[in-house]
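Here is the structure we will look at.
Bear in mind that the values in this text are calculations on the coordinates, not laboratory data. Since the model is a prediction, treat every value here as computed from it, not as a measurement. All Cβ positions, even for glycine, are placed from backbone atoms using ideal geometry, and neighbour counts span all protein chains on display.
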Amino acid sequence: MTVGNALLRPMVHLTKHCIRTRSTVTGALPKPPIPTLDHSLDRYIEYAEVVAEGRHQPLQRTQRAVYDFRKAGIIYQQRLLRLAESEENWINQFWLPEMYLRIRIPLPVNVSPAYIFPQQNFEGEDDWLRYTALLIRGFVEYKNKIDTKQLEREVSTGKIKVHMCMQQYDRILGCYRQPEVDEDVHFMKPNRNRENEHILVMSRNQQGKHILTGGGSHAHGLNRWYDATIQLVVSSSGTNGLCIEHSAAEGIVIINMAESALRYERENRKRIM
């Protein structure tokens with residue numbers, strides 16, 4: 001069987017589990033709570049004591065600043081409470097921009113994680129391409145399960161079990177971080193849009209002027225795009241894994257998808273040879 005057939009041959013897998021899309025989940029989930037101002041400041045002091053490691057002067061300055069803020073902070077606490085009432089998730093108002101979308105430093109070195117998959121020993125170019133094709137097909141199969149609501153709904157690990165929001169799964173292969181001057185924005189592709197669906201394969205400067213220079217670390221990196229959420233990298237040496245734009249989803253979501261793709265490759269590799 002050719003590599004192309006490994007990608008394109010239809011395989012249907014159905015399960016009894018399903019996820020809910022954002023429109024049905026967010027209304028059923030409780031909003032993130034807001035701790036009291038005193039609770040937040042007391043916890044802040046606890047963490048400061050650990051960081052200070054016995055250095056009394058820096059800790060005393062922090063304690064005085066917290067003491068002064070207890071009265072002034074009331075107005076900010078009230079604003080935060082109003083924001084929490086009007087937004088589905090008040091945390092995203094601060095977390096996403098400050099941790100990801102507003103930073104103006106290179107993503108691969110400072111923010112984007114890399115997942116390293118098990119080392120492969122390819123028997124030749126066909127084996128290398130077959131492995132790559134099956135991984136891609138595994139990711140596509142997982143995306144299909146997301147779109148058709150076949151993934152099992154996640155549940156919290158605490159004593160009281162709570163269903164988790166599954167919105168991040170919609171973003172991992174449907175969201176694009178669009179670069180802007182001061183703050184990047186997330187562009188979410190509608191599920192109903194079935195046009196222009198493709199996989200871009202790049203190697204040695206082939207397939208457009210995009211990503212690979214072919215010169216390793218001694219070549220410039222100005223033409224490398226790291227705003228795509230998922231980049232699958234498979235070297236002929238057997239080293240392979242993912243480069244991830246982190247703002248679209250947390251690590252566990254990517255891990256679940258990656259492990260599913262790896263299982264798909266293992267289960268189908270011998271069968272198609």
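Specify which residue in the list Y47, A65, L80 is farthest towards the positive end of the charge dipole of region 32-87, using unit charges on the beta carbon of Lys, Arg (+1) and Asp, Glu (-1), about the Cα centre. So the residue we want is A65.
Return S203, S260, S112 ranked ascending by Cβ neighbour count within 10 Å, so the fewest neighbours appear first. All intermediate terms of the calculation are to be shown ahead of the outcome.
Numbers: S203 11, S260 16, S112 19.
Ordered from fewest to most neighbouring Cβ atoms within 10 Å, S203, S260, S112 come out as S203, S260, S112.
By the beta-carbon count within 10 Å of each Cβ, the least crowded to most crowded order of T229, T62, fewest first, is T62, T229.
For a paramagnetic label modelled on M202 (point 7 Å from Cα along Cα→Cβ), amide N atoms under 16 Å away belong, within region 92-107, to 107.
Annotation: peptides 245-253, 157-165, 96-104, ranked by per-residue average of other Cβ atoms within 10 Å with the highest first, follow the order 245-253, 96-104, 157-165. Distance between the modelled labels on V111 and Q63, one decimal in nanometres: 3.8 nm (7 Å Cα→Cβ projection).
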